[in-house]
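K.L.:
Handing you a structure now.
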Amino acid sequence: MSKEPKDLLHGTLDVLVLKSLARGPAHGYAVSRWIEDRTRGVLIIEDAALYKALHRLEASGAIGSDWGVSESKRKAKYYQLTRRGRALLRTEADVWHRYAAAVLSVLKAAEA
């Protein structure tokens, strides 16, 4: 039973969104496009999941938002990291680096 990358995404979306916003303020579509581009299309974020993550992060104080105008001249909500969000990103990125290294060490282990 093989899992799709989107199944593995559960639990990682917040840190991916925070990392995307570390580059500067962005609207939701830009966040999802950056993640998709950065992962070469392996991770495609569904709108509902993305906006739940954005709202959850905003409610926690990790990100803030302001209304602006997008490149296509439409009204868009732009999100940006707060000081709390930058600290959370550092912590979560460290956790994920350790987790990924541990999983890779198991997967690369020689068979006995």
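The values are calculated or read from the model by the stated rules, or taken from the named source; none is laboratory data. Owing to the predicted nature of the structure, the values given are computational and were not obtained by experimental measurement. So basically every Cβ, Gly included, is an ideal-geometry build from the backbone, and we count neighbours across all protein chains shown.
K.L.:
Go through the range 65-82 residue by residue and tally those that are within 13 Å of ALA30 (Cα to Cα), surrounded by 14 or more Cβ atoms within 10 Å (Cβ to Cβ) and not hydroxyl-bearing (Ser, Thr, Tyr).
P.N.:
Matching residues across the range 65-82 total 3.
K.L.:
Against the condition touching a strand residue (DSSP E or B) at 6+ places or on another chain (Cβ under 9 Å), hydroxyl-bearing (Ser, Thr, Tyr) and modelled with pLDDT of 95 or more, how does SER32 come out, does it pass?
P.N.:
Here the answer is no, as SER32 does not meet what is asked.
K.L.:
Here's another thing I want to ask about it. Can you tell me which residue within the range 12-51, out of those that are polar (S, T, N, Q) and in a helix (DSSP H, G or I), is surrounded by the fewest Cβ atoms within 10 Å (Cβ to Cβ)?
P.N.:
SER20
K.L.:
Look through the range 52-70, keep the residues that are part of a loop (DSSP other than H, G, I, E, B) and modelled with pLDDT of 95 or more, and return whichever of them is farthest from ARG86 (Cα to Cα).
P.N.:
The qualifying residue farthest from ARG86 (Cα to Cα) is SER60.
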